[in-house]
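Structure first, then comments.
The values are calculated or read from the model by the stated rules, or taken from the named source; none is laboratory data. Treat the numbers as computed from the prediction; the structure is a model and nothing was measured. A quick note on method: Cβ atoms are made from the backbone with ideal geometry, for glycine too, and the neighbour counts reach across all protein chains shown.
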Amino acid sequence: MEKCQIQIPVEEIPDKWYNILPDLPEKLPAPKDPEGQESRIERLPRILLKTALKQEFSDERWIKIPEELRTLLARAGRPRPLFRAVGLENFLKTPAKLYYKSEFYSPTGSHKVNTALAQAFFAREEGFKRLTTETGAGQWGSALAYAASLMGLKCTVYWVRAAYNIKPDRLTLMKLLGAEVFASPSNKTKSGRELFEKDPNHPGSLGIAISEAIEDTLNSENTIYCLGSVLNHVLLHQTVIGLETKKQFESIGEYPDMMVGCLGGGSNFGGFILPFIKDRVDKKTDTRFIASQSESAPNLVKGEYKYDFADHAEFTPMLKMYTLGHKNPLLPPIMAEGLRYHGASPIMSLLRNHGIIEARAFPSDEKTIFDAAKIFTQTEGFIPAPESAYAIRIAIDEALECKKTGEKKIIAFNISGHGFLDLDGYKRVLGI
C-alpha cells in the first residue's frame, strides 16, 4: 500500500515548545509605548496571563509543556497526520510531491485549539474565572470556548460582525460550548459603542474586536484576555504543528523544499514553519517559506514595517510589524475573515524583512481561492476552511510550475482548519 499518511505515536507529542527568539537573525524589536501617553506596557500584567508574558519575552530556546497539557493535546487529537496529497498530484500531473498537515482534525476544526488549551490551562492555574477574546472567522472563538469549557471557565467572545452575520452554525457551536458571544462592534463596551451607535451594521474588524475584549477585561474582576494570533507566546504554542511535521518528514527521509500557509496575523503559518526556520537561518537548507494572503488585508505584501498598535482603540503597546494601519477602514470583508487583520506578527514581520519569508496576495473576490479549494475537495476528499484554501492555491500554483520545469520539489502546506461551517461561503463564491 502506498504510504499516503505519515503518523507518529501519541507518546511523541512534543514535550517542549520551540522558541525562535534566540535564533532570529536579529533581536526582535521590543514593544514600546506611544510618546507622552499612559504606559500600555505597564498595563500588560492586567491584560495578559503571567505565564504568557513570561513566555512572550523568554530567551530560552525550549520551553517545557506541562504533562497535564500534553494529555489535553492528546485528547484533542494530537499528533495530527501528515498526508501525501496523491489525488491532487495525479490531478495536476505534477512531478512535485505534495504534503499537507491536517490541523482540521481537532475538536473545533482548526489549529487554534493548540494555543487555546495552553492559555485556558494557565488561566485556571493562575486562578482566573473568565476569559475574554476576539475572533474573526470564528475558529479562534470556538477553540477558546472549547478550552474554557474543559477548564471550567467562562468565556466571552467579541466576534467581527461581518462573519457573525453569515455564520449562524459557528455561533451555535460557540454557545453550545458555553461561551457568550457578541457581534463586534457591540454596545457592551465604550470602544464598541462609539462605532455601533454611528452604524449598527458596521462590519467590524479584528482590531476593533480586540479593543472590546481588552476593555471588558480591564473593567472586570477574575477575568483575563487571551489572544489567538500575532503575539510571540501564541506562535510558541503553535510550534507543536511544525515539530510534529519535522518528525514526520524525518521518518520518511524527506525534507520540504517549500512550505506554504495562509497568514492573517501569523499563528498557523508560524507554528508550521518556525521549527524549520532555524535550518534556513543556519544555512543548512534553502527551503522557501511562502505566506498566502488576501488583497483585502495584505499586511506582508503592502504593509509598512514600523511600530503600530495591535488594536483599534490603542489599548495595546505598539509592536514593530508590517502593518496597514490599526485604524485602516479599507479592509473589505471576505469569506476568509481570519485573514483580515491590519498587522502581521512581529516574528513573522522580522523574518519577512530579512527575506526569509515570501508573501503573495490574491484578489478579494476569492474566486481563484475557492476554485483551488474545490479542486482539493474533489481530489483529496477534505473540505478546507476558506483561510486554508489560500495555502492550497499557492501549493497548486507551485506544483503546476514544477510541471513546466520538470522539478521534483517537495511542497508542504498547512490545512489549518476544515470548512464544514463555511459551506455558505462556498455557495456564495462558487455559486453552487
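So Pro34 ticks every box in (1) in the same structural domain as Leu176 (by TED's automatic domain parsing); (2) assigned to a loop (DSSP other than H, G, I, E, B); (3) over 30 Å from Leu400 (Cβ atoms) but one. Which box is left unticked?
So the condition that Pro34 fails would be (1).
Which of the residues that make up segment 381-403 are farther than 16 Å from Asp257 by Cβ and surrounded by fewer than 24 Cβ atoms within 10 Å (Cβ to Cβ)?
Gly381, Phe382, Ile383
Report, by residue number, each residue of segment 63-92 that is within 21 Å of Val260 (Cβ to Cβ) and in contact with a Lys or Arg (Cβ under 6 Å, 6 or more places away or on another chain).
Scanning segment 63-92 gives a single hit, Leu82.
Of the residues in segment 9-51, how many are touching a strand residue (DSSP E or B) at 6+ places or on another chain (Cβ under 9 Å) and among the aliphatic types (A, V, I, L, M)?
6
Consider only pairs whose beta carbons are under 9 Å apart and that are at least six residues apart or on different chains; among these, list those whose first residue lies in segment 382-397 and is in contact (Cβ under 8 Å) with a residue 60 or more places away in the chain and whose second residue is part of a helix (DSSP H, G or I) and of a type in the set (S, T, N, Q).
These pairs meet every condition: Pro384/Thr377; Ala385/Gln139; Glu387/Gln139; Glu387/Asn268; Ser388/Asn268; Ala391/Asn268; Arg393/Thr368.
How many residues are surrounded by 23 or more Cβ atoms within 10 Å (Cβ to Cβ) and either aliphatic (A, V, I, L, M) or closer than 24 Å to Val429 by Cβ (or both) if we restrict to segment 297-323?
Looking only at that region, the number is 6.
Looking only at segment 245-257, how many residues end up being surrounded by fewer than 24 Cβ atoms within 10 Å (Cβ to Cβ) and either assigned to a helix (DSSP H, G or I) or β-branched (Val, Ile, Thr) (or both)?
So the count comes out to 7.
Being assigned by TED's automatic domain parsing to the domain that holds Arg352, of a type outside the set (D, E, K, R) and touching a His at 6+ places or on another chain (Cβ under 8 Å) is the requirement here; does Ser267 meet it?
In short, yes.
Select from segment 156-215 the residues that are buried (at least 23 other Cβ atoms within 10 Å of the Cβ), farther than 17 Å from Leu227 by Cβ and of a type in the set (Asp, Glu) and list them in ascending order.
Scanning segment 156-215 gives no hits.
Testing Pro22 on (1) part of a loop (DSSP other than H, G, I, E, B); (2) surrounded by fewer than 16 Cβ atoms within 10 Å (Cβ to Cβ), one condition comes back false. Which one is that?
Unmet for Pro22, out of (1) part of a loop (DSSP other than H, G, I, E, B); (2) surrounded by fewer than 16 Cβ atoms within 10 Å (Cβ to Cβ): (1).
Is there a residue being within 30 Å of Met258 (Cα to Cα) and of a type in the set (S, T, N, Q) anywhere in segment 117-137?
yes
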